[in-house]
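The values are calculated or read from the model by the stated rules, or taken from the named source; none is laboratory data. Being a predicted model, the structure only gives us computed values, none of them experimental. Positions of Cβ are generated from backbone atoms using ideal geometry, with glycine treated the same way; all protein chains shown enter the neighbour counts. Just the protein is used for accessible areas: all its heavy atoms, side chains included, with ligands, DNA and RNA removed. Shrake-Rupley method; radii C 1.70, N 1.55, O 1.52, S 1.80 Å.
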Amino acid sequence: MADVQENWGLREYVASNVAVPKELRPQRVAVFCVGNRLMLDDGIGPAVFDELVASYDIPDNVEILDLGCLSLAMIDRVREFDVIMTVDAVDDSGQPAGTVLRYAPDAMARHVGITASLHDLKLIDLFDSAALLGYQAEGLCLGMQVENASPAEATEGLTRPVHDALPLLVDVVVGELARLGCPLSAKGASD
């Protein structure tokens, strides 16, 4: 593996599960928490945002955003970051509700069905549009299989299996940031 890593750039490290070496660490990282709080489990992204902001001190080179539903309005923001991580609800993965999934932006966005985001605009669409304008960032998607993201009525909150797995997804986000060289510190933790 060491021979392969000698030729790796940031793209390969982001896609892997290997810690990014100091000389390749991204200078600016964004976490796009995507979802609709009023559609049960579709609100998993905003729930992760709430937990991160409440529980962690965020370093200056990391920006955590509660985006609601991802839109092309974020296109200009792509140029501000080296790495963009999205946290979103996922459906039709074939996994039980509450399962955490990790994938590259194009692994789920070029087709409908398994691991498809519940939103019309996906991270890869944003990246493709930004690339046409000359902006580039590496991407990583973290998601959670939902139980119900389409309630009959607007309903805030998460279903039990998704709520119970929320701490795991938060831990995965924190772990991915640490792997990228952008560790968060728990609020109130002594140095």
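Here are a few things to note about the model shown:
Table: residues versus (1) modelled with pLDDT under 95; (2) touching a strand residue (DSSP E or B) at 6+ places or on another chain (Cβ under 6 Å); (3) under 16 Å from GLU63 (Cα atoms); (4) in a loop (DSSP other than H, G, I, E, B).
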residue	(1), (2), (3), (4)
ASP128	yes, no, no, no
CYS141	yes, yes, yes, no
ASN148	yes, no, no, yes
PRO161	no, no, no, no
LEU166	no, no, no, no
ALA178	no, no, yes, no
GLY181	no, no, yes, yes
ALA189	yes, no, no, yes
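- With respect to the conditions (1) among the basic types (Lys, Arg); (2) outside any helix (DSSP H, G or I); (3) modelled with pLDDT under 90, ARG77 lacks only one, and its number is (2).
- Hits in the range 50-64 - residues which are within 20 Å of HIS163 (Cα to Cα) and open to solvent by 30 Å² or more (accessible area, probe 1.4 Å): ASP50, GLU51, VAL53, ALA54, SER55, TYR56
- Taking first residues from the range 43-66 that are at negative phi and partners that are among the hydroxyl-bearing types (Ser, Thr, Tyr), the Cβ contacts under 6 Å between residues at least 6 apart in sequence or on separate chains come to ASP57/SER185.
- Single match in GLY98, GLY94 (criterion: among the small types (Gly, Ala, Ser), over 24 Å from ALA130 (Cβ atoms), in a loop (DSSP other than H, G, I, E, B) and at pLDDT 95 or above): GLY98
- Any hit, the range 21-43, residues being in a strand (DSSP E or B) and open to solvent by 40 Å² or more (accessible area, probe 1.4 Å): yes
- Flag if GLY9 is closer than 21 Å to MET74 by Cα and either free of Cβ contacts under 8 Å to residues at least 12 places away in the same chain or open to solvent by less than 70 Å² (accessible area, probe 1.4 Å) (or both): no
- The C-beta contact set for the range 165-179 (first residue open to solvent by less than 30 Å² (accessible area, probe 1.4 Å), second residue among the charged types (D, E, K, R), distance under 7 angstrom, 6+ apart or interchain) comprises LEU166/GLU51; VAL170/GLU51.
- ALA47 meets each of the listed conditions (1) modelled with pLDDT under 95; (2) over 26 Å from ALA130 (Cβ atoms); (3) crowded, with 22+ Cβ neighbours inside 10 Å apart from (1).
- Candidates ALA54, ALA104 - the one that is within 25 Å of GLU156 (Cα to Cα) and out of contact with any Gly (no Cβ under 6 Å at 6 or more places or on another chain): ALA54
- Residues (of a type outside the set (Asp, Glu), more than 17 Å from the chain's Cα centre (by Cα) and either at pLDDT below 90 or more than 19 Å from VAL174 (Cα to Cα) (or both)) located in the range 1-22: MET1, ALA2, VAL4, GLN5, ASN7, TRP8, GLY9
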